[in-house]
Amino acid sequence: MYSKKLPKNIKPESLMMSYGYESKWSEGAVKCPIFQTSTFAFKTAEEGKAFFEVAYGIREKKPNENLGLIYSRLNNPDLEILENRLCLWDQAEDCAVFESGMSAIATVLLEYLKPGDLLVYSKPLYGGTDHFINHFLTKYGIHVMGIHADHTRDEIVQKIESSGLGDRLGIIYMETPANPTNALMDISMCRDIGHQFTSDGHSVQIAVDNTYMGPLWSHPLSHGADIVIYSATKYIGGHSDLIAGAVLGSNEVIQRIKGLRTFLGNMAGPWTGWLLMRSLETLKPRMEIQMKNAAKVADFLLNHEKVEKVFYLGFIPKESGQYAIYQKQYSSAGAMLSFDIAGGESPAFAVLNSLKLIQLAVSLGGTESLAEHPYSMTHADVPIDQKHAMGISDKMIRLSVGIEDADDIIWDLDQALSKI
């Protein structure tokens with residue numbers, strides 16, 4: 001990890017321009033170059049031996065030992081500098097970057113689960129994660145159990161104990177806010193449950209997919225999570241022009257994650273790393289504009305006669321338990337919202353087909369506003385009864401609010417809604 005000493009009061013958004021990189025390393029280049037190389041030369045055979053001993057866990061790194069580069073499957077300057085910068089937002093000890101959000105999620109689950117273990121996961125999840133859990137992990141003897149945001153601590157504990165697998169609980173995995181309903185899971189509550197089922201030689205990992213809020217509006221590690229995961233394709237990348245994922249946590253956690261990443265070979269390449277460094281420089285202003293736009297769009301939808309319900313963190317009733325979680329875990333309502341159209345799929349499709357500025361596409365967090373139909377698109381693989389139980393209906397539209405002028409986004413929604 002990069003360890004240049006800087007004043008503690010310098011904020012992450014200021015450090016995104018240069019942290020982890022020295023211009024003298026690259027002919028005075030102000031921006032980090034793209035290190036488009038597969039392998040790196042050693043100064044001596046002894047140096048190469050030392051690098052490999054630590055990289056493959058043959059021995060621990062010695063105090064003050066500086067380790068160099070070996071091979072871009074193991075390490076690359078663009079990825080290492082990017083990982084250093086990502087750590088600043090979540091105040092994590094280390095970070096691992098992947099070629100996609102799903103590869104990050106899959107690597108975490110494969111590293112910390114083995115046949116016979118129990119995975120407890122929040123519902124709803126992103127459709128790809130749900131499919132991996134229910135259709136892949138179960139083929140290898142891993143038991144899975146879904147929980148909802150309205151379950152109490154005692155109810156979750158009872159479900160785990162009733163399964164008879166409490167001593168095999170490996171991970172409590174949650175996506176909060178949930179995609180696409182914005183339901184909130186209490187991270188610290190799940191941490192407490194994890195502690196209850198931890199014993200000598202067996203620890204329960206708390207993993208949080210924080211993609212919906214990005215690294216700006218929520219920091220799960222500070223609420224007891226061991227692992228925070230991002231689809232870096234979304235807000236971190238922010239321009240809908242790359243695919244990437246990231247995992248953050250303690251040095252111990254990320255050492256394990258990077259170990260499996262090395263042998264799965266699913267790290268991001270230098271070009272992706274360079275693009276993400278570029279994007280980090282504008283992360284805060286982009287997300288702030290999106291957040292302000294979303295608040296205006298949500299207010300418009302809330303008062304529209306053809307909209308039945310708006311799923312938006314800013315509208316959580318103050319007397320509810322969800323509001324208490326919101327106040328504790330988040331510093332903003334974010335820029336993701338969903339809304340139900342009166343009438344079902346046909347009018348919902350009519351609205352989507354009538355949009356002129358907002359683009360009909362999956363994904364989220366980009367500079368452009370995107371709308372999609374979760375029921376038939378991102379969550380198509382989720383059983384119908386489970387979708388209904390989670391509040392995902394065929395009348396729901398999910399909206400990722402971009403950085404366009406808020407009045408223009410509202411105009412587009414208004415004219416599309418007028419078509420039904």
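Residue-wise test of (1) modelled with pLDDT of 95 or more; (2) touching a strand residue (DSSP E or B) at 6+ places or on another chain (Cβ under 6 Å); (3) under 29 Å from Gly57 (Cβ atoms); (4) not basic (Lys, Arg).
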residue	(1), (2), (3), (4)
Ala225	yes, yes, yes, yes
Thr233	yes, no, no, yes
Leu248	yes, yes, yes, yes
Ile254	yes, yes, yes, yes
Ile257	yes, yes, yes, yes
Phe263	no, no, yes, yes
Ala268	yes, yes, yes, yes
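Restricting the stretch 96-109 to residues that are within 13 Å of the chain's Cα centre (by Cα) and outside any helix (DSSP H, G or I) leaves a set whose member that is surrounded by the fewest Cβ atoms within 10 Å (Cβ to Cβ) is Ser100.
Determine, yes or no, whether Ile156 is more than 21 Å from the chain's Cα centre (by Cα), assigned to a helix (DSSP H, G or I) and of a type outside the set (D, E, K, R).
yes
From Pro33, Pro63, grab the single residue that is in a loop (DSSP other than H, G, I, E, B) and either over 31 Å from the mean Cα position of the chain (by Cα) or of a type in the set (Asp, Glu) (or both).
Answer to the check: Pro63.
Count of the stretch 196-245 residues, restricted to those that are assigned to a strand (DSSP E or B), over 16 Å from Asp94 (Cβ atoms) and of a type in the set (Val, Ile, Thr), is 2. So for the stretch 367-376 (the condition being small (Gly, Ala, Ser), under 13 Å from His239 (Cα atoms) and in contact (Cβ under 8 Å) with a residue 12 or more places away in the chain), does at least one residue qualify? Among the residues of the stretch 367-376, at least one is small (Gly, Ala, Ser), under 13 Å from His239 (Cα atoms) and in contact (Cβ under 8 Å) with a residue 12 or more places away in the chain, which makes the answer yes. So for the stretch 63-79 (the condition being crowded, with 21+ Cβ neighbours inside 10 Å, in contact with a strand residue (DSSP E or B) (Cβ under 6 Å, 6 or more places away or on another chain) and modelled with pLDDT of 90 or more), does at least one residue qualify? Within the stretch 63-79, one or more residues are crowded, with 21+ Cβ neighbours inside 10 Å, in contact with a strand residue (DSSP E or B) (Cβ under 6 Å, 6 or more places away or on another chain) and modelled with pLDDT of 90 or more. Among the residues making up the stretch 36-59, those that are part of a loop (DSSP other than H, G, I, E, B), surrounded by 11 or more Cβ atoms within 10 Å (Cβ to Cβ) and either touching a Lys or Arg at 6+ places or on another chain (Cβ under 6 Å) or modelled with pLDDT of 90 or more (or both) are Gln36, Thr37, Phe40, Phe42. When you check Ala183 against the structure, is it in the same structural domain as Val228 (by TED's automatic domain parsing), under 26 Å from Phe263 (Cβ atoms), not aromatic (Phe, Trp, Tyr) and not in a helix (DSSP H, G or I), yes or no? So Ala183 does not fit the description; no.
Comparison of Tyr112, Tyr140, Tyr121 shows that the only residue that is touching a residue at least 24 places away in the same chain (Cβ under 8 Å), surrounded by fewer than 16 Cβ atoms within 10 Å (Cβ to Cβ), of a type in the set (Ser, Thr, Tyr) and more than 29 Å from Arg286 (Cα to Cα) is Tyr140. A count restricted to the stretch 332-362 and to residues that are in a loop (DSSP other than H, G, I, E, B), surrounded by fewer than 17 Cβ atoms within 10 Å (Cβ to Cβ) and either polar (S, T, N, Q) or at positive phi (or both) stands at 2.
The values are calculated or read from the model by the stated rules, or taken from the named source; none is laboratory data. Remember, predicted model here, so these are calculated numbers, not experimental data. Ideal geometry is used to build each Cβ from the backbone, glycine not excepted, and the neighbour counts take in all protein chains shown.
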